[in-house]
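Comments concern the structure below.
The values are calculated or read from the model by the stated rules, or taken from the named source; none is laboratory data. None of the values given here were measured: they were computed from a predicted structure. Neighbour counts are summed over all protein chains in view; Cβ atoms, including those assigned to glycine, are modelled from backbone coordinates with ideal geometry. Each accessible area value is taken on the protein alone, full model and side chains, heavy atoms only, with ligands, DNA and RNA left out. Shrake-Rupley method; radii C 1.70, N 1.55, O 1.52, S 1.80 Å.
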Amino acid sequence: MLDQAGDAILSRWENDDNALDALKDILARAEKTNAAINVLDTVAFIQLVLRIKWYAEKTDRGFPKLIKIRRELKRVLPKALTSLARAFRKGHISPEDAAKRMTDLRRIGIGSPPPPVRSSKSGSRIRTLFMWELSAAVHEDGGGFWMDDQVAAIASMVFDCEIDSEQVRNTRRP
């Protein structure tokens, strides 16, 4: 079942020639890379777009909390590593235990963070997260080709605003 927002997106998609052409281009590229595309693949892609929008909105709501956690990690993690190294040098823990704890602490510091979008003027963070995720998904399924024009057309339709391929390209920059 679709909510009102999802239904509105599908209605806009149906009436937006650029978004329909982008869908055809993405599916054609995926067909060249993978195998024949059928109706279920088209439905799956549309569902993916709707899920990415939902994910971007949910991530945006949790963004302040995520930033707070990352700041705390930046503050605490180096101290924990130093404390562990000191305990190892003094012989308080075994080399095996020290290695395991060091690996665990380093794993905490490693992750796949969302793009560094600090502000969200009129929903820009949601749009950036959406373009970042959709671009990565299309790139992966499209055989390693960036399809910025197509992602821009779909993002424009989803958010009902003008987005160009340069904006999509900019979301991938660190």
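Scanning the stretch 66-97 for residues that are open to solvent by 70 Å² or more (accessible area, probe 1.4 Å) and either in contact with a helix residue (DSSP H, G or I) (Cβ under 7 Å, 6 or more places away or on another chain) or farther than 17 Å from ILE108 by Cβ (or both) turns up ARG86, PHE88, ARG89, LYS90, HIS92, PRO95, GLU96.
Across the stretch 47-70, what is the total count of residues that are among the β-branched types (Val, Ile, Thr) and under 11 Å from the mean Cα position of the chain (by Cα)?
2
Among the listed residues ASP3, ASP21, ASP16, which satisfies the condition of being modelled with pLDDT of 90 or more and open to solvent by 60 Å² or more (accessible area, probe 1.4 Å)?
Among ASP3, ASP21, ASP16, only ASP21 is modelled with pLDDT of 90 or more and open to solvent by 60 Å² or more (accessible area, probe 1.4 Å).
A Cβ distance below 7 Å, combined with a sequence gap of six or more or placement on separate chains, defines the contacts here; from the stretch 161-174, residues that are more than 15 Å from ASN18 (Cβ to Cβ) reach residues that are charged (D, E, K, R) and modelled with pLDDT of 90 or more in the pairs ARG169/ASP148.
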